[in-house]
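Notes follow the structure.
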Amino acid sequence: MNQSILTRYSEARKLYGKYDIDVDKVLDKLSKIKISLHCWQGDDVRGFLNKDQELTGGISVTGNYPGAARNVLELRNDIEKALALIPGKHKVNLHAIYADTHEKVELDELEPKHFESWVKWAKENGLGLDFNPTCFSHPKSEDGFTLSNPDKKIRDFWIKHCMACRKIGEYFGKELGQKCVTNIWVPDGYKDTPIDRLEPRKRLKDSLDEIFSQNVDEKYNLDAVESKVFGIGSESYVVGSHEFYMGYAIKNNKAICLDAGHFHPTETISNKISSVLMFTDELLLHVSRPVRWDSDHIVIMSDELEEIAHELVRNDLIKRTHIGLDFFDGSVNRIAAWVIGARNMIKALLKAMLEPTELLKKLELEKDYTSRIVLLEEFKSYPFSDVWDYYCEKMDVPVREEWFDEVKQYEKDVLVKRK
């Protein structure tokens, strides 16, 4: 252990200890929180099944930074490099298009066998896996509608695909001993204002009912549904709105996925977490950073990220919440993007845990708002970064920006050689 880091940590422990914050216990608790790292940052959401298919469904990745993964081996190597720079043991989030198979297989024909190598790899690395149907970038989604498509044949194709994905999620959970979150998001919507908003939603509800009628063991698979306010090609109307999925999830005991970029620009998901968990057992977060629209920018240490972490910690909601990242940026080193986002998410949780929550709640109940704001502001300058440095050192990952030296070396040795 670096002596300077240890000294600063010891001093920080004393400061936090004045408010009965046991920093050692905080770090132990933090080490048990798993972040789900999204695989699609590594190859710009191309996948391996239909990698030449144009991105559709309102999804856009800009930039041509060298080194995007071209196959499953490169993608796993890149993920391993990122995870080696992130403290803790985590999960990896897959989309259906990342199946590892040499046979020609359609989305509605996917089976657990097409992901056996992913499970083997996850076991070797001590990782959990999460999963998503891929209801975009496909000839059968080109008109902008999948599970709510008026064409029953197309609708049935996507229903079968989602059912296949739930069985794959169950397989992940059973094999890895960690519950898999299988999240359904569809891009269905209209560019201009529709005449009929109701019928597409009826069709989406019926499709979901059929998908979830399938018997899947809840010990191994958690179903989640994800809304969106608008997207490219669905600016005026999205079938799966927040209100639609909130009602559906509560009525059918499913998890709601709150994506940080899927709401109006003035809305934040931090303010929705406690409301949603009043009525659902579990919650899925897709932590991203919207810039003017759902642009999926790299997660930075923003006010909203800290508010998300505070909401989870202050009300002890972490144990009911599954935290995943969801951004894709092709303009920067893709491994650096993963590391920045994941480390910031963990940092935000740590900062929230190093707060005298019970004292602040007591002051609030006593209507001593002056003391409350004084403590909140003063704790912003408490030495949480010294605790973070110690945590990284303890977890055997680089401290501060030292991790970037490894990424630059990996880029020089590996990434720039990819064509």
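The values are calculated or read from the model by the stated rules, or taken from the named source; none is laboratory data. Please read these numbers as outputs of a predicted model, since none were measured by experiment. Cβ placement follows ideal geometry from the backbone for every residue including glycine, while neighbour counts extend to all protein chains displayed.
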> If you go through segment 117-151 one residue at a time, how many are modelled with pLDDT of 95 or more, polar (S, T, N, Q) and surrounded by 23 or more Cβ atoms within 10 Å (Cβ to Cβ)?
Replying inline: 5
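Does T266 satisfy the criteria of being in a loop (DSSP other than H, G, I, E, B) and in contact (Cβ under 8 Å) with a residue 24 or more places away in the chain?
Against the criterion (in a loop (DSSP other than H, G, I, E, B) and in contact (Cβ under 8 Å) with a residue 24 or more places away in the chain), T266 does not qualify.
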> Would it be correct to say that T62 is among the β-branched types (V, I, T), without any contact (Cβ under 8 Å) to a residue 60 or more places away in the chain and surrounded by fewer than 15 Cβ atoms within 10 Å (Cβ to Cβ)?
Replying inline: no
> Is it true that K104 is at pLDDT 95 or above and either in the same structural domain as Q178 (by TED's automatic domain parsing) or surrounded by fewer than 17 Cβ atoms within 10 Å (Cβ to Cβ) (or both)?
Replying inline: no
>> Among the numbered criteria (1) crowded, with 22+ Cβ neighbours inside 10 Å; (2) in contact with a Phe, Trp or Tyr (Cβ under 7 Å, 6 or more places away or on another chain), which one does A255 miss?
In response: (2)
> Does S213 satisfy being of a type in the set (S, T, Y), under 26 Å from Y98 (Cα atoms), assigned by TED's automatic domain parsing to the domain that holds T134 and in contact (Cβ under 8 Å) with a residue 60 or more places away in the chain?
Replying inline: no
>> When you check I346 against the structure, is it assigned to a loop (DSSP other than H, G, I, E, B) and either crowded, with 23+ Cβ neighbours inside 10 Å or not small (G, A, S) (or both), yes or no?
In response: no
> So, in segment 152-192, of the ones that are of a type outside the set (G, A, S) and in a strand (DSSP E or B), which residue ends up modelled with the lowest pLDDT?
Replying inline: Y190
> Looking at segment 19-45, which of the residues that are hydrophobic (A, V, I, L, M, F, W, C), touching a Leu at 6+ places or on another chain (Cβ under 8 Å) and more than 28 Å from E378 (Cα to Cα) is surrounded by the most Cβ atoms within 10 Å (Cβ to Cβ)?
Replying inline: C39
>> With the requirement that a residue be basic (K, R), exposed (fewer than 15 other Cβ atoms within 10 Å of the Cβ) and part of a helix (DSSP H, G or I), what does segment 4-18 give you?
In response: K14
> Considering S227, S234, S213, which residue is within 24 Å of N93 (Cβ to Cβ), out of contact with any strand residue (DSSP E or B) (no Cβ under 7 Å at 6 or more places or on another chain) and hydroxyl-bearing (S, T, Y)?
Replying inline: S227
> Just a yes or no: is a residue in segment 33-41 more than 28 Å from V407 (Cα to Cα) and of a type in the set (S, T, Y)?
Replying inline: no
> Do we have any residue at all in segment 356-379 that's within 27 Å of the chain's Cα centre (by Cα), outside the structural domain of E307 (by TED's automatic domain parsing) and assigned to a loop (DSSP other than H, G, I, E, B)?
Replying inline: no
>> Given the criteria assigned to a loop (DSSP other than H, G, I, E, B), in the same structural domain as L49 (by TED's automatic domain parsing) and either at negative phi or within 17 Å of the chain's Cα centre (by Cα) (or both), does A69 qualify?
In response: yes
